[in-house]
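Every read-out reported here was derived from the displayed coordinates using simple, explicitly stated rules and does not represent laboratory data. What you are looking at is a predicted structure, and each value in this text was computed from that prediction instead of being measured. We place every Cβ from the backbone using ideal geometry, glycine too, and count neighbours over all the protein chains shown.
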Amino acid sequence: MQKVWHVALNHLRILTRDRTAIVFYLLLPMLFTFITSAVFGGGAEGDGGSGSGGAAGRPAGYTLHLAVEEESLLAERVVELLSEESALRVVQEPREQLQARVEAGEIALGVVVPEGFGEAARRGEGKLLLVQRPGDGRTDPREPLVQSVLERLAAQVASAGVAVATLTARGYVDAQDPQAVEAAWQQAFERAGRRVEGSATVSVRAYPVEGPERASAAAASGAVPAAAAEAAPASAAAGAATGGRRMATGAEQGSLGFSVMFVLMGVVTAAGSLLVERQERTLARLLTCPVTARQVLGGKLLGMFLQGLVQMVLLIAAGQWIFGVDWGRSPAALAALVVAYVAAATGFGILLASLVRTEAQASAVGTLAVVVLAMLGGAWWPLEIVSRPMQIAAKFVPTGWAMDGFLDIVLRGAGLEAVWLNVAVLAGFALLFYGVGVAIFRFE
Amino acid sequence: MSLRRLWALVAKDLRIRARDRKGYLLLLAMPLVLTTVLGFALGPVFRGEGLAQIPVAVVDLDGGELGRTLIDGVLRGEALAQMLQVSEGSGASDLERMREAVGRGQYAALVVVPEGFSRSAVAGRPAQLKVYTDPGQSVRAEVVRSVVDAFAAQLMRRQVAMATALEMVTVRGGLFAMLSPTLVPEVLQQVEQAAGRVELRLEKQLTAQRSRPLNAMDYYAAAMAVMFLLFSVLTVSKTLITERQDGTYPRLLMTPATRLEVLLSKLAGSFLVAVVQFVILAVTTRWLHGVVWTQSAMGLALVVAAAALAAAGWGTAIAAISRTGNSAENLGTTVIMVMSMLGGSMFPLYGMPDWLRAVSKATFNGWAMEGLLRLMFDGAGVAQVLLPAAVLAGMGVFLSGAGLLALYRR
């Protein structure tokens, strides 16, 4: 066993002297995470914000192209309400450009606030334009979001109208004085807006179902349905103070995804280096020492495993402290999953190394395999947006099970009870890969 | 300088490339596989149907009229039939079970109509619909929430109108005004008359169809071809350094070949490898996935030639600032990955923040994609791709000039 340790530690020692390895295994995934979080919104600022906080932690949602053709209170309000929708990222541009781009197929749809919208809306009949190409008949997920904003705006406009009518009828505002009427309307509009946003009489509250608290809250509430429903807000608030909304951010997707991908990349590359040693006959010479082939291979595997573990821990730490991703919600579950995933990854590395002949082949096949596995497993994008066959494909790759488990821990705040299956499946992958890989690996 | 010698040098490098089996895998199989995976995986997203069939659970503890309207009229309504897949449970036990299932990601969201909801809403008392969401599918969950929101907003309208009117009366007339016995009936009447009259609509406005809609397969065929152009030139320009290390370079100089000829041969070799690779990828993706590259062969030739030149420039420049073949490969890979991410080879830049689109204009990928996408989707001809082609050519001339100069002086 001691000999195995020596071989393993030797592997790590060689690695720490390799500066390019540090760049590739640590800095590159961090750079990628940085870019994704810059582009799709970071996690650090977003976590404390309330649902109406808006811009701070913008999620990896949908872009809405918006052209505003008039300057009015209502047009401003449309922009404001749309920007507050956390699933939308609003990009403003001129109407001609927007239409040209929709027409050219660059963007799927755009929304126009046309000239005269404010006036028309106050008469009760305003309309926004949804610019689409013919043939794109399917309902786009952005459409109901815009509809919902319009509903709230309509409630606000209608309320302002009712208020002004009441005020003039009762003589608080002189109906003959347009300026006074306008001032009253604006004041009422603003106040109605606060009611529409605030805890209005008929409201919707979203509770992210997360945290182990979920289980205990459910248990505590027992058979009384009303109590069950009421018990949840507390747990949701404890889970994440997000005012009932919880959107995955670019930083979260990036930190999880690139950690999973680059750890696999790291061990697969390390497995390739086994083949260099075979080509250079280092392995054969090692066997002249008082160690068995089994011990050497065991040591190499242990070294690769430890390497993956260290890399994963460092990337998780970077995610936690640099990118503000909440990795530490269930340390036990996280540890189990990390160990299982790194074991499966190491197994994949040795399997690959045993299937090819030269290091050159290993690096070419390895890179391809790693990138494809990462894509299939949802390391590059959330699987909720891909087609059904692709979601099913994720169930057949270790990266898919790892991502699913990490999402459970980081986003859903789940504990061991939720990820044990992921851990078991990854352990299964690891055993399968090791078994086949070690059996067919050749030293000469 | 002799063209014949130059060609002999280029031919030598091309022969070496052609024998490199790892090269085929990396430079041809990899972009093809990636194009296929990306094209299939992101196809629905590009078509705007990414969120079809969102699994939603509902539990109606109310049984009143409003709850049924929400479930049968809205969630199961015709407008959302393609988007939502509704499963309804009943009672507290289903509520618990379904909420657990949301936590496991089985449903994107669970909509709960609490007991007494209809009664409270009709009477103007606070009434709250609950949406339990899965943070692991937040985009889908948010869509469900917005649907329920819109429904609530309709119900809410009368109540907000009433409250706002009363509030405004106190603001303008003081608390005393509230004592008027006719106030509430009058406001109620106003609400009945006016509140329902405001209707804001989202009207569809269809554009004329000028060119093809974007699709993921074509997009990523271009994106990967662009990215792997860089990888392929790197394999050639790397030899600028490795041939020094292994002594091939000094031996080449003992032949009649001059230093300039050797350097230029690498540039020409990179260019040719890039062009050949692009042609193979273009033909294969066309045949395999029916990718439509262009309607203007001249335009495509122009963009590809300019892109190959620019790629050769990047390769030369990277070789010029690296000391060993390994460091050239590592630096090159890093530069390529970062440029690809920022330049649209990994995800489309449409609708991305302006700073990103500005940054993309400093990358090889940004301009090459610009040219190719115009050809693919805008039906562009030579005139419309002159700008990207010119920028790429300029990039190529500048980088290869600077790179060759630095290498020549070594």
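Lysine pair count for chain B with Cα-Cα distance under 24 Å and sequence separation of 8 or more or different chains is 6. Of the beta bridges in the protein assembly as shown, as assigned by DSSP with both residues counted there, near 20 percent are antiparallel. Comparing B:I336, B:I54, B:I16 in a Gaussian network model of chain B, where Cα atoms under 10 Å apart are tied by springs, the biggest mean-square fluctuation is seen for B:I16. Backbone amide hydrogens, once placed in the peptide plane, bring A:A414 within less than 5 Å of A:G211, A:I409, excluding anything fewer than 5 places away on its chain.
Put simply, the amide H of A:A206, placed in the peptide plane, has neighbours under 5 Å in B:V131, leaving out anything fewer than 5 places away on its chain. If the chain linking B:S90 and B:R68 were pulled fully straight, counting 0.36 nm for each residue of separation and taking away their Cα-Cα distance, it would gain 6.7 nm. Rg and Dmax, both from the Cα atoms of chain B and both in Å, are 32.0, 110. Fewest-first ordering of B:L110, A:L376, B:L392 by other beta carbons within 10 Å of each residue's beta carbon gives A:L376, B:L392, B:L110.
The simple spin-label model puts a point 7 Å past each Cα toward its Cβ; for B:L179 and A:T282 those points are separated by 9.5 nm.
What separates the Cα centres of region A:265-323 and region A:362-419 is a distance of 23 Å. Legend: helices of chain B (whole DSSP H runs) are marked when their alpha-carbon atoms reach 15 angstrom or more along the helix axis and their mean Kyte-Doolittle hydropathy is at least 0.5; marked are B:30-46, B:138-173, B:216-237, B:259-289, B:297-320, B:325-342, B:364-377, B:382-409. In summary, the convex hull built on the alpha carbon positions of the protein assembly as shown has an orientation-averaged projected area of 40.1 nm². From least to most packed, judged by other beta carbons within 10 angstrom and beginning with the fewest, B:V187, A:V4 follow the order A:V4, B:V187. For region B:80-141, the alpha carbon positions stretch 36, 27, 21 Å along the principal axes, listed from largest to smallest. Estimated from the Cβ-Cβ distance and a Förster radius of 56 angstrom, the FRET efficiency linking B:W355 and A:F443 is about 0.60. Calculated translational diffusion coefficient of region B:243-351 (10 °C, 1.306 mPa s; Stokes-Einstein with Kirkwood radius over alpha-carbon pairs) equals 97 µm²/s. Fully extending the segment from B:D20 to B:V338, taken as 0.36 nm per residue of separation minus the present Cα-Cα distance, adds 111.9 nm. Between amide H atoms placed 1.01 Å from N, distances below 5 Å from B:K204 occur with A:L130, all of them 5 or more places distant or on a separate chain. Computed extension gain for A:A38 through A:L12, at 0.36 nm per residue and net of the alpha carbon distance, reaches 6.0 nm.
Going from the fewest other Cβ atoms within 10 Å to the most, the residues A:H6, A:H65 appear in the order A:H6, A:H65. In this rough spin-label picture, where each label sits 7 Å from Cα along the Cβ direction, the B:Q384-B:V171 distance is 5.2 nm. Restricted to Cα atoms, region A:320-366 shows a radius of gyration and a Dmax of 15.9, 43 angstrom. Residues of region B:119-137 with an amide N closer than 17 Å to a point placed 7 Å from the Cα of B:E192 along the Cα-to-Cβ direction: B:122-124.
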